[in-house]
1. Once the other residues with Cβ under 10 Å from the Cβ of GLY67 are scored (Lys, Arg +1; Asp, Glu -1), what is the net sum?
2. Give, as a single signed number, the net charge of other residues whose beta carbon lies under 12 Å from the beta carbon of TRP350, with Lys and Arg counted +1 and Asp and Glu -1.
3. How much accessible area per residue does the chain have, in Å², with a 1.4 Å probe?
4. State the answer as a single residue: which of ASN119, ILE323, ASN295 lies farthest towards the positive end of the charge dipole of the chain, with beta carbon charges of +1 for Lys and Arg and -1 for Asp and Glu, about the Cα centre.
5. May I ask for the distance between the Cα centers of the stretch 100-161 and the stretch 408-458, given as a whole number of Å?
6. Select from ALA454, THR91, HIS332 the residue farthest towards the positive end of the dipole of the chain; place +1 on Cβ of Lys and Arg, -1 on Cβ of Asp and Glu, and compute about the Cα centre.
7. Answer with one residue from GLN12, VAL57, TRP74: the one whose Cα lies farthest towards the positive end of the charge dipole of the stretch 1-144, charges on Cβ with Lys, Arg +1 and Asp, Glu -1.
8. I need the calculated FRET efficiency for the pair TRP398 and ALA235, taking r as the beta carbon distance and R₀ as 60 Å, to the nearest 0.05.
Amino acid sequence: MVNEKPNLSFWQIWNMCFGFLGIQFGFALQNANISRIFQTLGADIDTIPLLWIAGPVTGLLVQPIVGHLSDNTWNRFGRRRPYFLVGAIFTSLSLIALPHSSVLWMAAGMLWILDASINISMEPFRAFVGDNLPKKQQAKGYAMQSFFIGTGAVVASMLPWILSQLGVSNDAPAGTIPDTVRYAFYCGALVLFIAVGWTVYRSREYSPEQLARFASHSEAPVDTQAVPSQADWQASAWRYFVPAVVASGLIWWFSWDKQLYILTFALAAFGLAQYWMAWRQRQHKVAVGFDTVMNDLFAMPKVMRQLAWVQFFSWFALFAMWIYTTSAVTSHHFGTDDTSSALFNRGANWVGVLFAAYNGFAAIAAIVIPLMVKLWGLKLAHSINLLLGALGLASFLWFDDPHWLLLSMLGVGFAWASLLSLPYAMLAGCLPAAKMGVYMGIFNFFIVIPQLLAASVLGLLLRHGFDNQPLYSMVIGAISFVIASLMVVRVRLNGDSQHRVSTQSTGGVHG
């Protein structure tokens, strides 16, 4: 007998997604304020991308590992929920500690801990939707997550500005983080813990035995690739490792930009990881978690490979925005680079308002996007939203009045909401149910890799191509969004018409 997961009610989906409000609260505080914190503690604009790599590197390491572990966890607390709770505890503690950093290296180290903690909670939430919802409700579940992401980030991004309006001091001596930022991080710690705790307490999970019995009548066969042989691993290892070593030598010999080492070291590490896999196969070692992640990476479904390129260019654009918006707005729209000035802090607070705006528009877009999917299908809807994001970033050059940048954030908000839902809706039908967690973690690679590339080359591009003007990072981001929009066309879903029909019943996040 074929069993299908039962539909969940609106409030059941609400409860299982509510924790994302808290996770995004912490994530938005980080995105809106970390460049400001780094600059306050003495970082110059050239080093900011290097300091930002904490997020992508920890995501690269943590998410697939947590995904694999949660796939193979079951105890009285559940499958994914133990990771929600552990991540929430450490994230809350990190949010409290980070704004007390007194020197730059301390803030950078705390960012690593904060990102690792957020990723422990964040990764299982993606798999949680795939576990608990039938295929026809998964798009609705991801849209609900987008709604909470947007809602939580609105308040979090604006919080320093709100606190300043309530009389909390927004000024501080040079090298000191203002009270508005510190108190905002305290609030974030509390909100995150309560929101994730609500999901842990109010949600239930299917046991591995129950999940094994569930199967969708319309589920297509999983189109995975062959696992590499020992010879394949070894040949691929040399293809990555040797060019990485040669490139590192050239960077050292010719004194090229040291940020390029991020890229070469990442390629070398990937080559060594593949050589390790070849050695383990040669020694007939019993597979461990790392082996599983590497094998699944190379055996991932074809649709996932195609979506990887869309993710790559989309997240490169977002990383360009997150790194340089504070520098762009304070220098161009507010006319100052003095981090201790009142004008700089007003500009930095306005960036928080702008980030709140795009997240607010994303919450609205989460209601509109299912209607777009119903009319045009997943692929065209996502492509249009990415073009709106490109238009939003490009318009930073057109407006001198910073208040008009709120209009720019409208396009960014639609792109952001679409990125948080539609790629996962496209992906859901091609993943093996028993590997939902590890593949969602591996899918994060295609968010991390463009961020590492951005940290390596964005500063170089601005310095040599745009006279070190951070405003032009928005142009680079806009071009990247356009490329991502075009790459959506290459994605071949298992019957585009079927995916269009399956989303018609999702409605908006309130449907």
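1. On the way: positive: ARG80, ARG126, LYS435; negative: ASP71, GLU123, ASP296.
That works out to 0.
2. Working: positive: ARG36, ARG346; negative: ASP401.
Neighbour charge sum, excluding TRP350 itself: +1.
3. For the chain, the solvent-accessible area averages 40 Å² per residue.
4. ASN295
5. 13
6. Selected residue: THR91.
7. Towards the positive end, the residue furthest out is GLN12.
8. On the way: r = 50 Å, r/R0 = 0.83.
Here the calculated transfer efficiency is 0.75.
The values are calculated or read from the model by the stated rules, or taken from the named source; none is laboratory data. None of the values given here were measured: they were computed from a predicted structure. Using ideal geometry, Cβ is built from the backbone for each residue, glycine included, and neighbour counts are taken over all protein chains shown. The protein model used for the area step is the full one, side chains on, heavy atoms only, and it has no ligands, DNA or RNA in it. Shrake-Rupley method; radii C 1.70, N 1.55, O 1.52, S 1.80 Å.
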